[in-house]
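The block underneath contains the structure these notes are about, expressed in C-alpha cells.
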Amino acid sequence: MKMKPEKNQVTWAITIFCLCIALMLAYYVLFDGKTIVKTFSSILDSLSGIVIGIVIAFVLIPLLEFIEEKILMPIYKLRGIDVSRASTADKKKRKHIRYISVLITMIIFLFIMYGLFRIIIPELIRSLREIIRNMPIYINQIDTQSNKYLADNPELQKFIDSQLDTYYENLSSYISKQLIPMMPSVNIIMKFASQSFFSVFGVILDLVVGFIVAIYVLLSKERFTTSGKKLAYAIFREDFANELIGGFRFVNNTFEGFVGGKLVDSFVIGVICYIGCLVLKLKYPLLISVIVGVTNIIPFFGPYIGGIMGAMLLVLIDPIQALIFLIFVIVLQQFDGNILGPMILGNSTGLSSFWVIFSIMLFGGLWGIVGWLIGVPIFAVIYALASRLTNILLEKKGLSTNTKDYYDLAYIEDKEYKTLSNPDNTKFNAGKETSTFKKIFSINLKEKISAAKNVKNKADKNK
C-alpha cells in the first residue's frame, strides 16, 4: 500500500526546507559575508558583458518606445495598417516596426558615442594637457600671492613653516623606508603590463557583447516580460502574483523615471553650464561643464562636488574667475533644483530629503560611486515595499491607512482614535509634560518668591 502525503504535509515540508535555506544564508551572510561578496563579484565579472547590454537596453528603451509609438505607428496607421497590440493586428508589420525602431535607436546611440569620442574627449584631453603644461605658471602665481599675503602676517607664516617642515620630514621618511622598498621589479612590471593588456581586451569584448545583448533585449523585451508573468502565475497564488507583477512594474517605473530623468537633467545642466562659461569667458568651459554635468547625476551631493571641483581648477588660474564660477553654479543649481529638476523628474522616488541623504550615504558606503547613482531608486523601492506591507497589515486589523489620521494620535482603544489634543486622553504617557525650560523657569521663580517671603518675614520679626 503506497502512502500518499497530504497537501498540508507537503506545504509544511516546503516551508521547513525554505526556512533551513534561509537560516543557512543568514549564517553565511553574518559570519562569512566576504566569501559571498567575492563569489557574487566573480559571477558579475563573468556576466559583465550581459550586464552592460541590459543597462544599455534599459537606458535606450524610452527612446525606442518614443520612435515606435510617436513616429512609426502613426505612419502605419495613416497607411491603414493596424499595428496595435490587439489580436487582430498585423503581427508581421508590428515586427517590422520593432526592427526599424531598434535600428534607428542603435544608430542614434552610436552617433552619440561617436560624438563623445570624436569631439568631447579630444577637447577634454587638450584641456588637460594645457592645464598640465601651464601648471608651473599657475603654481608660481599661487606661490607669489601666498608669499605676499604671508609677508603681511608673520605669525601665520611661522605656523605654516613649522607645519611644512614636519610634513617634509614625514614624507622623506615614508619614501625612504616604505615606498622605495616596495618598488616593483622588472618581472612584476611585465606581469602588470600583461594583465593590463588583457584587461583592456576584456573591456572591449564586454562592450561588443553588451552592444549585441542590448539589440536582443530591445527586440524581445515583451517576450521577457511575458515569460516572467507566466512563471509568476504558475508558481504563486493569483493575488500574490498580481502583487509581485505590480511590484516589478513599480520598480521599472521608479528606475526608468529616476535614471532616465536624471540623465536628461544632467545633460541639460551641462549644456547650460557650457553656454554660461562661454558667456562669462571662463577658462576650460567644456572640461568644467563635463565635470558639472557628470557629477550632477549624483543626487543631492553631486552639484556641490561639481562646483567645488570646477572652482579648484579655476582658482589655479584666477581666483576671481573661481568666485564668478561659484556664484554661477549656485544660481544654476537653484534653477535645477526648483524648476528644471521637478519638471523632468517630478516625484519619481517619493522620498523626502532626509531619506535621499540616508540612501546616498548607506549605498554609497556599500557600493561606492555605483551606490551614489542607484542608491536613491533602490531605497525608494524598499520604502514603497515597507509602506505597502504596513498598509496591508493595517487593513487586516481594520485600521486606517491614511497617514494624516496618526498625526495627533495619542493611542487607539477599541479601534477608536484618541487624540493628543484632548486633555482627557492621558493613558500610555499621552499627557504632555511641562518643557524643561518651563520647569527651570518655574523652579527659579518659586525660589525667588520663597526667598522674598523669607526676607519679608525676617523684616517683620525685626520690627
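Being among the basic types (Lys, Arg) and assigned to a strand (DSSP E or B) holds for only one residue in LYS418, LYS427, and it is LYS418.
Cβ-Cβ distances below 8 Å connect the following pairs, each with a first residue in the stretch 43-70 that is part of a helix (DSSP H, G or I), a second residue that is polar (S, T, N, Q), and a separation of six or more residues or different chains: LEU60/THR105; LEU63/THR105; LEU64/SER101; LEU64/THR105; ILE67/SER101; ILE67/THR105; GLU68/SER101. When residues in the stretch 375-400 are screened for being surrounded by fewer than 13 Cβ atoms within 10 Å (Cβ to Cβ) and on the phi < 0 side of the Ramachandran plot, 9 of them pass.
Here's the yes/no breakdown for (1) open to solvent by 40 Å² or more (accessible area, probe 1.4 Å); (2) within 19 Å of the chain's Cα centre (by Cα):
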| site | (1), (2) |
| --- | --- |
| PHE255 | yes, yes |
| VAL259 | no, yes |
| SER266 | no, yes |
| GLY276 | no, no |
| PRO299 | no, yes |
| VAL315 | yes, no |
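Quick one: would you say LYS70 is surrounded by fewer than 11 Cβ atoms within 10 Å (Cβ to Cβ) and on the phi < 0 side of the Ramachandran plot? Taking the combined requirement at face value, the residue satisfies it.
The values are calculated or read from the model by the stated rules, or taken from the named source; none is laboratory data. Keep in mind that this is a model prediction, so the values were computed, not measured. Cβ sites come from the backbone with ideal geometry, for glycine too, and all protein chains shown count toward neighbours. What goes into the accessible areas is simple: the full protein's heavy atoms, side chains included, and nothing from ligands, DNA or RNA. Shrake-Rupley method; radii C 1.70, N 1.55, O 1.52, S 1.80 Å.
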